[in-house]
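Heads up: the structure comes next, in structure tokens.
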Amino acid sequence: MLIAMADSQLVNATELIRQKTIPKQLVCPCCQQPVIYKHGDRRIAHFSHKSNAVCAGFSEGESQAHLKGKLAFKQQLEKMGQAAVLEYHLPTIEQRADVLLPDQQLILEYQCSPISYNDISRRTSNYKSLGYDVLWILGDRHLNAVNRLDGIAKFARFQPRLGFFVVYYSADRQQLKLHYHIQEVAGKVVSSVQFFKSLSDLKRFMDGHETPKQPVNSFFQARQSMLNQLQRIHRSNVLQNPTYRDMVTACYEQGKLFIGCPLICHGKWGEGMPIFKRTILCWRVWVVLQLFSASSTEVSNQRLNQIFVESVQQFGQQFAQVDDYVRFFQMEFKSFIFSLRANGYLRHTISGIRIVQSPTWFESYDQKRRIMMTMRPEVC
């Protein structure tokens, strides 16, 4: 192993090579048993247990960053007066928790290596089946996860004050980073960011002792973001990129251009919750096609519910860390229906909704771009 402790301080084996004196009392940070410092011309510097007993605290292939992160969490938690147990084994689910906070029934998992959605979902469900909450903290290798909808589906949690959020820890910089108020804006994932020196600072912020900052977009920023999205779609269509192919086909079958979708499909600011496998624009366009392409002007509540269910099945993203995530799809669906009503496209009736008029589709990319450059998006 690469990490030991001397006088209650972490010691890195590779850094001892440059030192003239080696601490006499080195112990394993997990089992607290004496270890020996070893190095040579053909062997990297490392620590080895003096006794023949095998310490099961740390995996053989564990990265230095992973080990340093877990030890840092343990030390910080103990400074906060909280009990912390490293590598706590749970035999009933055959899992080993990185850090257990027994007094809070909370587990911290420090994820430095790649992990699939199925694995993280299974491990999270297993912990919760035993009554443990779990917070996944990501290492530097996952820095780009928060910029991708599939990464958010794996790691994001939700809190009413913070919205969707993801926590990072850099073992090298000894710094925590919180991405919060994660949302999609015109096909791009954006968030607010805060840095913290310790878990106590992070906890204080998350518990509500500081007012979180929310991303603020001006009308001009929002318009530019939507214009950029429009340009990306146009370029994708010209290059025959498969990203929007199915939506392009769905619109074409009804004599419409996907890139010419009504402005209301972009939303007031182009924003939405990051809950779809693809952009929220694709989802809104699909809903508009279902509502306004039928021959009847009446849409029953049963049909509305059917449209909602089908839209979630086609576009909805599951979350490994968020319970009852379907409620977010329901909120987004209700909000979009309300926007269509507020703009005069439909009216609510006792049995469902009545179509008043269809939103305007554009005939070309250039026509839509000119309109977006000279007027505000429809109020939603």
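The values are calculated or read from the model by the stated rules, or taken from the named source; none is laboratory data. Keep in mind the model is a prediction, meaning the values are calculated, not measured. Quick reminder, even Gly has a Cβ in these numbers, built from the backbone with ideal geometry, and neighbours come from all protein chains shown. With ligands, DNA and RNA removed, areas are computed over all heavy atoms of the protein, side chains included. Shrake-Rupley method; radii C 1.70, N 1.55, O 1.52, S 1.80 Å.
Observations, loosely collected:
- In the context of the full protein assembly, S198 retains an accessible surface of approximately 20 Å², using a probe radius of 1.4 Å and ignoring ligands and nucleic acids.
- Shape call, the chain: gyration tensor on alpha carbons, a/c limit 1.5: prolate
- The stretch 61-110-the stretch 301-380 distance, computed between alpha-carbon centres (Å): 44 Å
- Residues K256, K79, K334, K368, sorted by accessible area with the largest first, give K79, K334, K256, K368 [1.4 Å probe; ligands and nucleic acids excluded].
- Using a cutoff of 8 angstrom between alpha carbon atoms and counting only pairs six or more residues apart, the relative contact order for the stretch 266-376 works out to 28 percent.
- Along the stretch 175-192 the Karplus relation, 6.51 cos²θ - 1.76 cosθ + 1.60 evaluated at θ = phi - 60°, assigns HN-Hα couplings of 9, 9, 9, 10, 9, 9, 6, 6, 8, 9, 10, 6, x, 10, 8, 10, 6, 8 Hz to successive residues, with x for each Gly and Pro.
- Summary value for the chain: 12 percent relative contact order, contacts being C-alpha pairs under 8 angstrom separated by 6+ residues.
- Label-to-label distance for S335 and R96 is 4.3 nm, based on points extended 7 Å past Cα in the beta-carbon direction.
- In order along the stretch 94-101, the phi-based Karplus estimate (6.51 cos²θ - 1.76 cosθ + 1.60, θ = phi - 60°) of 3J(HN,Hα) comes to 6, 10, 10, 7, 4, 9, 10, 9 Hz; Gly and Pro are listed as x.
- Applying a DSSP loop filter and a limit of 15 other Cβ atoms within 10 Å to the GluC sites (Glu not before Pro) in the stretch 61-157 leaves E94.
- Stretchable slack from R369 to K197, in nm (0.36 nm times residue separation minus alpha-carbon distance): 57.4 nm
- The string of couplings for the stretch 358-363 from the Karplus curve (6.51, -1.76, 1.60, θ = phi - 60°) is 8, x, 7, 9, 9, 8 Hz, one whole number per residue in order, with x for Gly and Pro.
- Remark: accessible surface ordering of C31, C112 (largest first) is C31, C112, probe radius 1.4 Å.
- Around the amide H of G187, modelled in the peptide plane, lie the amide H atoms of I280, all under 5 Å away and 5 or more residues distant in sequence or on another chain.
- Environment charge of H234, counting only residues whose C-beta is closer than 13 Å and scoring Lys/Arg +1, Asp/Glu -1: +3
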